[in-house]
Amino acid sequence: MSVNEVVAGEPGGPAPATTEAAARPPSSLGREALHRLVRNPMAVVGMVLISIFVLVAIFAPLIAPYSPTDNSWLDQVRPGQYPGPSAEHWLGIDPLGRDVFSRIIYGARQSLLIGVVSLALGAVAGIALGVLAGAFGGWVDTVVMRFVDIMLSVPGLLFAIAVAAMLGQSLTSVMIAIAVVNVPIFARLLRGEMLGQRGADYVLAARSLGISRSAIVFRHVLPNSFTPVIVQGTLTLALAIVEAAGLAFLGLSGSDPSAPEWGRMLTDAQETLTSAPMLAIYPGLAIVLAALGFTLVGESLREALDPKFRR
Amino acid sequence: MSLLEVRDLEVHFPIKAGTLFQRTVGAVKAVDGVDLDIEAGTTFGLVGESGCGKSTLGRAVMRLIEPTKGSVKLDGQDILSLSERRMRAVRRQFQMVFQDPMASLDPRQSVESLLTEPLRAHKFPGGSAGHAKRVRELLDVVGLPESVVNRYPHEFSGGQRQRLGIARALALNPALIIADEPVSALDVSIQAQVINLLKELQERFSLTYVVIAHDLAVVRHISKTVAVMYLGGIVEQAPSADLYRQPLHPYTKALMSAVPVPDPNVEETRSRILLQGDLPSPANPPAGCRFHTRCPWKQASRCDTERPTLRELPLVAPGHKVACHYAEDILAGKITPHEVKPEEVELTPAAEGPGSIEATEAHVAGGLTPGGPPGAR
């Protein structure tokens, strides 16, 4: 009787279970989510954008035709007249006589570096705080969450400016500034998710089996709370790129003013906006596409990992 | 000696108010003074409608919810006084089977991992080879093929998942299994399979069961003794056959009369007791007998002032206990039922206390649903 049930499956259950299972490798939730992800055109577009962005950043010296700081074409530039796209300079020349295309290509490195490092810093600190609050609850939770609330009550960009101003003009301070802004987002997200999972039946089951508290937190609660954190991570990466550009636009970026950076290119282009609007559009487009790539993947991930679509 | 001995168990969830400084303004009395004696090798059924505290009682006995008062002795050992570390070691002796098998299995754990976990936690002998052997043994015991070890809970059907839950509960060779609504989330066709599996396992491993359910038929089928719970207290307890043949407490009578009879002639003529009004709030239970607000046999004296204790009525059958002042008179027909006007139930938001007062599950057949036709007796 019982074996019949296994072989035949039940209506509404995962159909003919065992017959198919022999050929199919055991599917974990992660693998199923990946499967759903690659079938989503939005996710594919996002992944293509991200891949282009990452490849460009890695192979910038091979792709860019010139050095981003080479200003040998200064003689072609006259005030109010900047050479547009040509066969030699695909995106034209900027007011300081540099090749715009090369600068955009190299700018990807900077953006990716800031995005990844600030995300990693912010996520690690936020996750640590979130685990602390979510695992212990009680007064630990209260203290940690009030601290996070204080961080959250300061407007993000303002806070980043203050940090950058305090730590001085450097890439490190930009990364720290963006990381600090992201800490409360991760902390709150993870803590809330963990508190929700802590009341789940499988946690109760683990407790009744005599599993230790720390094993329950790290083996059950945390892995099951992590999905939204991953989604938030990709979305935050997009945001970090935009924030880095924003800070650079406000003049807070690396100490070397000639370094290629999309945000700073926007600032520079401001002065010549009427005569050469394209100089602002290129870096703007680069920022938008990079951020769009991460956002698309993040949103598709959220959908793919959503238990509502699980079957 | 009983395997499980529970004395005067109370679980009160505090109701807190205040934004900055919280103070306790009351308590939801989910379980309010329960005694249990469960003998080894038997099945004890616990029935009652949603929100009566039966799940909370089960969890408090397992110390998954800390009771506020009372004692729980398992095999003579008072488990409420144990430290957390000692408690973890004792947990291997009693296990729980949950209502929703999907929710009680970690979706990220493969079958192998979820069955090995308790073995590792309690250092089951044999090392990893021994654990692997034990996992296959357990799967065999609950009727699942060995080939499922690498699969995940979402790949199984409801009945199969419940089998996994049972296998996990059996992993450490417990003496007592508390099954909280073990079949109510399953299709009727699968319910019988799981119940029969439970019975078979009981014989094979001489297990003791506490089965918590709202389905009277399930409990009758499986239990030796049945207790009926109402608003945090046990109102009647008797050997299964006696209770179903001759319920003494008015609440039990109402419950039993709600069970349909599979004979159209009997079904048409039999009298049914429809209770009026809702279950009172456990945050503010009625004084005296908890049931007096809805009792068709309520008398002018004692019922609303003095809380009846669970006492044995030896004239009926040995072991038949009831918590009603007038049980003898009702039995003898000296008191007849009368109309009951539904009393307003005070709705406090705290009625949904922390933990397990289920609010949405199906009711004990039809008769208890609030808002039934008035005076339909």
- Note on the structure: By residue number, the members of the stretch A:209-218 that are modelled with pLDDT of 90 or more and not small (G, A, S) are A:L209, A:I211, A:I216, A:V217, A:F218
- Message: Could you check the stretch B:85-128 and list, in sequence order, the residues that are in contact with a Gly (Cβ under 9 Å, 6 or more places away or on another chain), aliphatic (A, V, I, L, M), part of a loop (DSSP other than H, G, I, E, B) and within 7 Å of chain A (Cβ to nearest Cβ)?
- Response: B:L105
- Item | Condition broken by B:G18, with the remaining ones in (1) touching a strand residue (DSSP E or B) at 6+ places or on another chain (Cβ under 6 Å); (2) at pLDDT below 90; (3) small (G, A, S); (4) farther than 20 Å from B:I234 by Cβ satisfied | (1)
- What number of residues within the stretch A:48-63 satisfy the criterion of being within 16 Å of the chain's Cα centre (by Cα) and buried (at least 18 other Cβ atoms within 10 Å of the Cβ)? 4
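Keeping to the stretch A:27-51, report how many residues are at pLDDT 90 or above and out of contact with any Leu (no Cβ under 7 Å at 6 or more places or on another chain).
Here is the first cut: in the stretch A:27-51, the residues at pLDDT 90 or above are A:41-51.
Remaining after also requiring out of contact with any Leu (no Cβ under 7 Å at 6 or more places or on another chain): A:41, A:44, A:47-48, A:50-51.
Selection size over the stretch A:27-51: 6.
Residue by residue, here is whether (1) out of contact with any Leu (no Cβ under 6 Å at 6 or more places or on another chain); (2) surrounded by fewer than 19 Cβ atoms within 10 Å (Cβ to Cβ); (3) at pLDDT 90 or above holds:
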{"position": "A:L239", "(1), (2), (3)": "yes, no, no"}
{"position": "A:F249", "(1), (2), (3)": "no, no, no"}
{"position": "A:L252", "(1), (2), (3)": "yes, no, no"}
{"position": "A:S258", "(1), (2), (3)": "yes, yes, no"}
{"position": "A:S275", "(1), (2), (3)": "yes, yes, no"}
{"position": "A:E299", "(1), (2), (3)": "yes, yes, no"}
{"position": "A:A304", "(1), (2), (3)": "no, no, no"}
- Message: Among (1) in contact with a His (Cβ under 7 Å, 6 or more places away or on another chain); (2) of a type in the set (G, A, S); (3) closer than 23 Å to B:A185 by Cα, there is one condition B:A238 misses while meeting the rest; what is its number?
- Response: (3)
- Looking only at residues in the stretch B:170-191 that are modelled with pLDDT under 90 and out of contact with any helix residue (DSSP H, G or I) (no Cβ under 6 Å at 6 or more places or on another chain), which one is nearest to B:L115 (Cα to Cα)? B:A185
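Within the stretch B:129-145, track down each residue that is among the aliphatic types (A, V, I, L, M) and either away from every other protein chain (no Cβ under 11 Å) or surrounded by fewer than 17 Cβ atoms within 10 Å (Cβ to Cβ) (or both). Don't jump to the end; show me each part of the working.
Start the filter on the stretch B:129-145 by keeping residues that are among the aliphatic types (A, V, I, L, M), which leaves B:129, B:132, B:135, B:138-139, B:141-142, B:144.
Those that are among the aliphatic types (A, V, I, L, M) and either away from every other protein chain (no Cβ under 11 Å) or surrounded by fewer than 17 Cβ atoms within 10 Å (Cβ to Cβ) (or both): B:A129, B:A132, B:V135, B:L138.
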- Only one of (1) without any contact (Cβ under 8 Å) to a residue 24 or more places away in the chain; (2) more than 13 Å from chain B (Cβ to nearest Cβ); (3) under 30 Å from B:S110 (Cα atoms) fails for A:V163. Which number is that? (3)
- Note on the structure: Taking the stretch B:147-167 and keeping only residues that are more than 7 Å from chain A (Cβ to nearest Cβ), of a type outside the set (A, V, I, L, M, F, W, C) and crowded, with 23+ Cβ neighbours inside 10 Å, one is left with B:P153, B:Q162, B:R163, B:G165
- Note on the structure: Here the residues within the stretch A:189-215 that are more than 13 Å from B:R91 (Cβ to Cβ) and either hydrophobic (A, V, I, L, M, F, W, C) or at the interface with chain B (Cβ under 7 Å from one of its Cβ atoms) (or both) are A:L189, A:L190, A:M194, A:L195, A:A200, A:D201, A:Y202, A:V203, A:A215
- Query: Residues of the stretch A:180-208 being under 16 Å from the mean Cα position of the chain (by Cα), at pLDDT 90 or above and surrounded by fewer than 24 Cβ atoms within 10 Å (Cβ to Cβ), which ones?
  - Reply: A:V183, A:I185, A:L189
- Check on B:R220, farther than 30 Å from B:D8 by Cα and not in a loop (DSSP other than H, G, I, E, B): no
- Please state which of the following conditions B:Q202 fails to meet, knowing it meets all the rest: (1) within 19 Å of the chain's Cα centre (by Cα); (2) within 14 Å of chain A (Cβ to nearest Cβ); (3) surrounded by fewer than 21 Cβ atoms within 10 Å (Cβ to Cβ); (4) in contact (Cβ under 8 Å) with a residue 60 or more places away in the chain. (2)
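Here is a list: B:G76, B:G48, B:G70. Which entry is more than 9 Å from every other protein chain (Cβ to nearest Cβ), surrounded by fewer than 24 Cβ atoms within 10 Å (Cβ to Cβ) and in contact with a Lys or Arg (Cβ under 7 Å, 6 or more places away or on another chain)?
Numbers: B:G76 fails: in contact with a Lys or Arg (Cβ under 7 Å, 6 or more places away or on another chain); B:G48 fails: surrounded by fewer than 24 Cβ atoms within 10 Å (Cβ to Cβ).
After applying the criteria, what remains is B:G70.
Quick grid of which residues meet (1) within 14 Å of another protein chain (Cβ to nearest Cβ); (2) not β-branched (V, I, T):
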{"position": "B:L20", "(1), (2)": "yes, yes"}
{"position": "B:V31", "(1), (2)": "no, no"}
{"position": "B:L36", "(1), (2)": "no, yes"}
{"position": "B:C52", "(1), (2)": "no, yes"}
- Message: Whether any residue in the stretch A:120-136 is in a helix (DSSP H, G or I), of a type in the set (F, W, Y) and under 25 Å from A:E261 (Cβ atoms) is what I want to check.
- Response: no
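Here is a yes/no grid of residues against (1) touching a helix residue (DSSP H, G or I) at 6+ places or on another chain (Cβ under 7 Å); (2) assigned to a loop (DSSP other than H, G, I, E, B); (3) of a type in the set (V, I, T):
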| site | (1), (2), (3) |
| --- | --- |
| A:T236 | yes, no, yes |
| A:E243 | yes, no, no |
| A:P257 | no, yes, no |
| A:L266 | yes, no, no |
| A:A269 | yes, no, no |
| A:T274 | no, yes, yes |
| A:I281 | no, no, yes |
| A:I287 | yes, no, yes |
| A:G298 | yes, no, no |
- Note on the structure: B:T348 vs (1) of a type in the set (S, T, N, Q); (2) modelled with pLDDT under 85; (3) closer than 27 Å to B:S271 by Cβ: all pass except (3)
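Which residue, of B:G51, B:G33, is modelled with pLDDT under 95 and in a loop (DSSP other than H, G, I, E, B)? Can you show your working first?
Numbers: B:G33 fails: in a loop (DSSP other than H, G, I, E, B).
From the options B:G51, B:G33, the qualifying one is B:G51.
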- Query: For B:Q99, which of the numbered conditions (1) closer than 26 Å to B:L310 by Cβ; (2) in contact (Cβ under 8 Å) with a residue 40 or more places away in the chain fails to hold?
  - Reply: (1)
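The values are calculated or read from the model by the stated rules, or taken from the named source; none is laboratory data. In this text the structure is predicted, and so the values were computed from the model without any measurement. Cβ: placed from backbone, ideal geometry, glycine included. Neighbour counts: every protein chain shown.
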